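Chemist: Below is a structure I'd like to ask you about.
The values are calculated or read from the model by the stated rules, or taken from the named source; none is laboratory data. Because the structure is predicted, anything quoted here is derived from the model rather than measured. Neighbour counts are summed over all protein chains in view; Cβ atoms, including those assigned to glycine, are modelled from backbone coordinates with ideal geometry. For accessibility, only protein heavy atoms count, side chains too; no ligands or nucleic acids. Shrake-Rupley method; radii C 1.70, N 1.55, O 1.52, S 1.80 Å.
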Amino acid sequence: MTQPDAATKTPRRLDPEDAQHALAEVQERLRRQQLVEDLVHRQEQGDNKASLVEDLVHRQHEAELKALVDALHPADIAFILESLPKDERQNVWRLVSPEHDADVLLEVEDWVRESLIEAMDRQDLVAATGNMDADELADLAPDLPPDVVAEVQKGLTDEERAQLLEAMGYPEDSVGAIMDFEMVRVREDVTLEVVLRYLRRLHELPDHTDQVFVVDRQDKLQGILPLSRLLVSEPETEVRAVMSTDFLTLNPLDSDADAAGAFERYDLVSAPVMDDQGRLIGRVTIADVVDVMREDSQEQALSRAGLQEEDIFAPVAMALRNRAPWLLFNLCTAATASFVASRFEATVSQIVILAFLMSIVAGIGGNSGNQTMTMIIRALAVGRITGRNLWQLVKREMLVTLLVGLCGSVVAALFAWTISGSLSIAIVMMAAMICNMLVGASVGVLVPMVRARFGKDPAIGSSVLLTFATDSLGFFIFLGLATIFLL
């Protein structure tokens, strides 16, 4: 896989497996390099010839690996670095061309970026970050040494320095933290011909430019001029005659998740960011929004298991600190469920088949609750749940669960009747499954809603709490009904 050559403009075919292929090739070259080095080291330590061979082989492998890495897109390099153990990651990072350093640092995940920055000396860091835009530098600033940030600031213009300080001052999950300061602005009293001449004088348009922003002399946003309208309108026409005054704006303190929802809803490519005085201070592009969506999706998936983002090759101690708390909590919940089951020892000892059936009741209740919880968390994430429709949503989920439970419980009852030969056990199985599925649906609604009500992430630990409820209450309901009706 190669980068398109700038001179020939060769188009690059999109292949989702390119990065995986490149990773496999890098790993193979690293393995062969390590194998040769191990073979040479088996020679006598004082053998100069062996040392010379080792040096030549090492240089050859490094040259091949560097050529391979240099041909990759920075995003693919970032993927490879994230997929390698720390030692191999540092070896590959050392071979990355300095011209790619900045782009790779922006592409990699936070937990990898920290280790890469640690491996760079001060001069390399200044060189890598010196040409970054203010918004990009603001993204990296928390991970950079303070003296590097101070050194880079010296090379910025007064406007760029002000933009950097402004971007660093916004909360992490806000629009201000992701907005871009590069955009095209024009006045409303000029003709489209003037705008076109102005655009031609630019070296290139800012990325994802689909519209020109129309401002007055105080930088207050008056309207937007889509490029499509600019190109098809008569050049003598003034901007005010063709600009649109119906457009969506964002505030720098808006949530980036809300901005992502607006982009999804209105199919936006970019959107202006205005301060409280109506001045245009930046813009958000689809590229920023895609990053927000991806990060939110990853965080939600980890949060549901009670995890935080971590290096997959992190030291064991670090992984234990991340995973142990919720696992210990899960152990306590499992112990509680076992304790509940132990209270019905007499029932299980007389009707042994119950021990094989109660796990079905608990499992189906958990799966049903997980479906409900996933729907609720998604609805909360996109802002579809309000005080007015909450009760209607709860009733709907309970009705759906009841109907699904009736259908599923009939199948479960037939299964219980088949293996036990007892109609009473089948009826108890049916009733217990319906009840536990309703418990799962209730917990699936309550846990995310309560956490969201108190400003917490509704996904954090939700699966653990759901499993606790459906296991404990599932055992209690099933064995309790069996004790009442079968003994």
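Chemist: I'd like to know if region 239-247 contains one or more residues that are outside any helix (DSSP H, G or I) and touching a residue at least 24 places away in the same chain (Cβ under 8 Å). Spell out the reasoning first.
Modeler: Going through region 239-247, the residues outside any helix (DSSP H, G or I) turn out to be 243-247.
Among the residues that remain, those that are also touching a residue at least 24 places away in the same chain (Cβ under 8 Å) are: 243, 247.
Within region 239-247 (the criterion being outside any helix (DSSP H, G or I) and touching a residue at least 24 places away in the same chain (Cβ under 8 Å)), the answer is yes, since at least one residue qualifies.
Chemist: Using the structure shown, decide if Val382 is in contact with a Gly (Cβ under 7 Å, 6 or more places away or on another chain) and either among the hydrophobic types (A, V, I, L, M, F, W, C) or open to solvent by less than 40 Å² (accessible area, probe 1.4 Å) (or both). Even if it seems obvious, please write down each step before you answer.
Modeler: Details: in contact with a Gly (Cβ under 7 Å, 6 or more places away or on another chain): yes; either among the hydrophobic types (A, V, I, L, M, F, W, C) or open to solvent by less than 40 Å² (accessible area, probe 1.4 Å) (or both): yes.
Yes: the conditions hold for Val382.
Chemist: Given the conditions (1) modelled with pLDDT of 65 or more; (2) surrounded by 12 or more Cβ atoms within 10 Å (Cβ to Cβ), and given that Asp55 satisfies all but one, which numbered condition is not satisfied?
Modeler: Against the list (1) modelled with pLDDT of 65 or more; (2) surrounded by 12 or more Cβ atoms within 10 Å (Cβ to Cβ), Asp55 comes up short only on (2).
Chemist: Oh, and also: Can you report the number of residues in region 316-331 which are without any contact (Cβ under 8 Å) to a residue 40 or more places away in the chain, closer than 20 Å to Ala362 by Cα and surrounded by 12 or more Cβ atoms within 10 Å (Cβ to Cβ)?
Modeler: First, the residues of region 316-331 that are without any contact (Cβ under 8 Å) to a residue 40 or more places away in the chain: 316-325, 327-328, 331.
Now restrict to residues that are closer than 20 Å to Ala362 by Cα: 327, 331.
Narrowing further to those that are surrounded by 12 or more Cβ atoms within 10 Å (Cβ to Cβ): 327.
Matching residues across region 316-331 total 1.
Chemist: Could I ask something else about it? With (1) more than 25 Å from the chain's Cα centre (by Cα); (2) more than 21 Å from Val26 (Cβ to Cβ) as the list, and Ala119 as the residue in question, which single condition is left unmet?
Modeler: (2)
Chemist: Scan (1) modelled with pLDDT of 90 or more; (2) not assigned by the TED database to the domain that holds Glu299 for the single condition Gln218 breaks and write down its number.
Modeler: (2)
Chemist: Next question, about the same structure. If Thr386 satisfies all but one of (1) in contact with a helix residue (DSSP H, G or I) (Cβ under 6 Å, 6 or more places away or on another chain); (2) not in a helix (DSSP H, G or I), what's the number of the condition it fails?
Modeler: The failed condition is (1).
Chemist: Also, I was wondering about something else. Quick check on Glu204: is it under 34 Å from the mean Cα position of the chain (by Cα), free of Cβ contacts under 8 Å to residues at least 24 places away in the same chain and not in a strand (DSSP E or B)? So that I can check it myself, show each step before the final result.
Modeler: Details: under 34 Å from the mean Cα position of the chain (by Cα): yes; free of Cβ contacts under 8 Å to residues at least 24 places away in the same chain: yes; not in a strand (DSSP E or B): yes.
For Glu204, the condition - under 34 Å from the mean Cα position of the chain (by Cα), free of Cβ contacts under 8 Å to residues at least 24 places away in the same chain and not in a strand (DSSP E or B) - is met.
Chemist: Quick check on this structure: which one of Leu465, Leu487 is open to solvent by 30 Å² or more (accessible area, probe 1.4 Å), modelled with pLDDT under 90 and over 39 Å from the mean Cα position of the chain (by Cα)?
Modeler: Being open to solvent by 30 Å² or more (accessible area, probe 1.4 Å), modelled with pLDDT under 90 and over 39 Å from the mean Cα position of the chain (by Cα) holds for just one of Leu465, Leu487, which is Leu487.
Matching residues to (1) farther than 18 Å from Asn91 by Cα; (2) small (Gly, Ala, Ser); (3) in contact (Cβ under 8 Å) with a residue 24 or more places away in the chain:
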| residue | (1), (2), (3) |
| --- | --- |
| Arg113 | no, no, yes |
| Glu118 | no, no, no |
| Arg122 | yes, no, yes |
| Leu125 | no, no, no |
| Asp135 | yes, no, yes |
| Leu144 | yes, no, yes |
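Chemist: In the same structural domain as Cys332 (by the TED database), at pLDDT below 90, among the hydroxyl-bearing types (Ser, Thr, Tyr) and under 22 Å from Ala355 (Cα atoms), is that true of Thr374?
Modeler: Working: in the same structural domain as Cys332 (by the TED database): yes; at pLDDT below 90: yes; among the hydroxyl-bearing types (Ser, Thr, Tyr): yes; under 22 Å from Ala355 (Cα atoms): no.
So Thr374 does not fit the description; no.
Chemist: Also: Going residue by residue through region 151-167, is there one that turns out to be under 22 Å from the mean Cα position of the chain (by Cα) and in the same structural domain as His100 (by the TED database)? Working first, answer last.
Modeler: At the first step, the residues of region 151-167 found to be under 22 Å from the mean Cα position of the chain (by Cα) are 167.
So of that shortlist, the ones also in the same structural domain as His100 (by the TED database) come out as 167.
Yes.
Chemist: Do we find a residue being assigned to a helix (DSSP H, G or I) and β-branched (Val, Ile, Thr) anywhere in region 451-462?
Modeler: As a first pass, look at region 451-462 and keep what is assigned to a helix (DSSP H, G or I): 451-453, 462.
Within this subset, residues satisfying the condition of being β-branched (Val, Ile, Thr) are none.
No, the conditions are met nowhere in region 451-462.
Residues checked against (1) modelled with pLDDT under 90; (2) touching a Pro at 6+ places or on another chain (Cβ under 6 Å); (3) farther than 24 Å from Leu35 by Cβ:
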site: Leu81; (1), (2), (3): no, no, no
site: Glu88; (1), (2), (3): yes, no, no
site: Leu105; (1), (2), (3): no, no, yes
site: Glu114; (1), (2), (3): yes, no, yes
site: Glu118; (1), (2), (3): yes, no, yes
site: Arg122; (1), (2), (3): yes, no, yes
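Chemist: Suppose we filter region 108-154 for residues that are touching a Lys or Arg at 6+ places or on another chain (Cβ under 9 Å), open to solvent by 40 Å² or more (accessible area, probe 1.4 Å) and within 21 Å of Val69 (Cα to Cα); how many remain?
Modeler: Residues meeting the conditions: 1.
Chemist: List the pairs whose first member sits in region 365-388 and is free of Cβ contacts under 8 Å to residues at least 24 places away in the same chain, whose second member is surrounded by 15 or more Cβ atoms within 10 Å (Cβ to Cβ) and of a type outside the set (Asp, Glu), and whose Cβ atoms are under 6 Å apart, counting only residues at least 6 apart or on separate chains?
Modeler: Ala379/Ile385
Chemist: Also: Take the residues in region 226-285 that are within 24 Å of Glu193 (Cα to Cα) and among the β-branched types (Val, Ile, Thr); name whichever of them is most open to solvent (accessible area, probe 1.4 Å).
Modeler: Val232
Chemist: Would you mind stating whether Val195 is open to solvent by less than 30 Å² (accessible area, probe 1.4 Å), closer than 23 Å to Ala241 by Cβ and assigned to a helix (DSSP H, G or I)? Break it down stepwise before answering.
Modeler: Details: open to solvent by less than 30 Å² (accessible area, probe 1.4 Å): yes; closer than 23 Å to Ala241 by Cβ: yes; assigned to a helix (DSSP H, G or I): yes.
Criteria met by Val195.
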